[in-house]
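Novice: Once you've had a glance at the structure underneath, I'll fire off some questions.
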Amino acid sequence: MVEIRSRSMANNRNEEGNKDGKSTVVEKGVKEDLKNILVLLFLYILQGIPLGLAAAIPLILTNRNVSYKQQAEFSFSYWPFSVKLLWAPIVDSCFVKSFGRRKSWLVPIQYLIGVTMYILSNNVDYYLGEPLFDGDEKREPNLTMLTAMFFFLNFLAATQDIAVDGWALTMLQKHNVGYASTCNSVGQTAGYFMGYVFFMALESYDMVTLPGFLRFWAVIFTISTTLVAVLKQEKDEGEIVVDGSEEDEQEEIGDLGVVDTYKLLWSIIKLGVMPATIGMLLTSKIGFAATDAVTGLKLVEKGVPKDKLAMLAIPMIPLQIVLPWVISKYTSGPRPMDVFLKAIPARLMMGPVMAWLVWSTPSWKQENGEFPLSFYVLMIFLYAIHQVTLYSMFVSIMAFFAQVSDPAVGGTYMTLLNTITNLGGNWPSTLALWCVDSLTVTECRGGNQGDGVEVQGACLGKDGADQCESMGGTCTVYTDGYYVEVAVCCVIGLAWYLAWGARTIRKLQDQPEQSWRVVKQKRKQ
């Protein structure tokens, strides 16, 4: 049996005593939780701000002619959300009880985010290579410091995410806990929108600068964190004791220590189905790496204004809201990965299509340097198709995770699978950015070099282009590594799908329920 000892029955019920000394459970409606829902929504919005700002930096760097290897270096700043499982057990298990289990992390972390943003606001122009004084020349961006600062910022945001996710389960009443995921998706999307689209739009019209935008959010983080620390009380979660009876094998195991949680993760990884599952999750997105990571930067390089590219996110928002609901109708059955299998070839086909869009972009440019409305309509149409394939894979894999995760350790199980999935998207994207320059063949022609000699890697990045220009030459691109990468990724993706991926996914989907269970395996140890 599960014994619960707490002052208030575990965060989702309100007890009133009667004459017999027994308690009557009175459940409150959504109205009673409205303030808590708004608090959660605001916390998730704050979480999305650093993510949006990190997404805006590559477009700013593109206008400074940085190499794609440098873009790959900055892409490491996105990784904390993909590996947060490494320190999530520490956040869940170590806290100051008198202050609150979640507030012990949330409050100092959000103060740190505010301080980091303020420090970054004073140095970001220097890291981006902007002249410090009038008349100074622009310098090479300091990618190492820029990456380190945004990596730390996203590390803090990922840690805040762990704390808020945990607090959501106790802040809301049990029958309202479902609203936590809504707050998560809506809040993160809104924060990302403000940090990316809203900022890029204001910056393009010289209404705000990046340092000013960072300082504004530093103040917001500081004020809001102080209000949460002073005004928002954390409920007592109670103590849960599991005696290991057969019935309770299906209950969520909670309040594990740090060591026990890491042991649990290792027990899950040792399951017989996990090697194939991990291999599939880490390799399934190789075929889309060049399309997903490089296409947007190439469009900016071809002349598409970065603020217009950011604005593509606006018409995608209704689609992102509706798609999961539509797709979930086809993934709610016993074989959710059938949708995943059908989406892979369609998403692979989008690679050549998006490469064609990049290649044809200069031909759309008008004499005044602007692009016609028809070009942006075409971009929106193609990005919408890409979103359909992306969300089909996302919703189906989430449904599959929910289906196979052991209910006894569901939260940890799902977090592990989600972490591996995110990592499976990040490492190919970083590699794709890293290899673009190496696969590009250019030549500096004219000037002091006469007809020039074809040299692989010449004219790449700001230094190469400036050197060629200083000699009176012109950089000519013979082979763009982006198109090579799209072709290679598509071939690898198709080969993976036909030779191993589809067969492995079907086999995993056909595995019996017990092969995914970890509780009985733990008892044997």
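The values are calculated or read from the model by the stated rules, or taken from the named source; none is laboratory data. Here the structure is a predicted model, which is why all the values come from computation and not from measurement. All Cβ positions, glycine included, derive from the backbone under ideal geometry; neighbour counts span all protein chains shown. Side chains are part of the model used for accessible areas, which takes the heavy atoms of the whole protein and leaves out ligands, DNA and RNA. Shrake-Rupley method; radii C 1.70, N 1.55, O 1.52, S 1.80 Å.
Novice: Does anything in segment 199-231 have its amide N under 17 Å from the 7 Å Cα→Cβ label point of ILE314, and if so which residues?
Specialist: Taking a point 7 Å out along Cα→Cβ of ILE314, the residues of segment 199-231 whose backbone N falls under 17 Å are 199-208.
Novice: Which FRET efficiency, nearest 0.05, do TRP87 and THR474 yield, Cβ-Cβ r, R0 45 Å?
Specialist: 0.35
Novice: Something else about it: State in Å² the accessible area per residue of segment 83-190; use a 1.4 Å probe, count heavy atoms of protein chains only, and round to the nearest integer.
Specialist: 45 Å²
Novice: Sorting MET398, MET350 by accessible area (1.4 Å probe), largest first, what list results?
Specialist: Correct descending sequence by accessible area is MET398, MET350.
Novice: Still on this structure, I have one more. Rounded to the nearest whole Å², what accessible area per residue is found for segment 288-392 with the 1.4 Å probe?
Specialist: Roughly 48 Å² per residue, with all protein chains present.
Novice: Please list TRP500, TRP516, TRP356 in order of solvent-accessible area, largest first, computed with a 1.4 Å probe with all protein chains present.
Specialist: So, going from the largest accessible area down, we get TRP356, TRP500, TRP516.
Novice: Can you flag which of LYS97/LYS232; LYS84/LYS507; LYS285/LYS342 are past 18 Å Cα-Cα?
Specialist: Among LYS97/LYS232; LYS84/LYS507; LYS285/LYS342, the Cα-Cα distance tops 18 Å for LYS84/LYS507.
Novice: Can you put SER98, SER392 in order of accessible area, largest first, using a 1.4 Å probe?
Specialist: SER98, SER392
Novice: So, R0 is 22 Å and r is the distance between the beta-carbons of PHE216 and ASN123; what FRET efficiency does that work out to, to 0.05?
Specialist: So, using R0 = 22 Å, E works out to roughly 0.85.
Novice: Further question: Quick one: length gained pulling LYS31 to SER363 fully straight, 0.36 nm per residue minus the C-alpha distance?
Specialist: So the extension gain works out to 113.9 nm.
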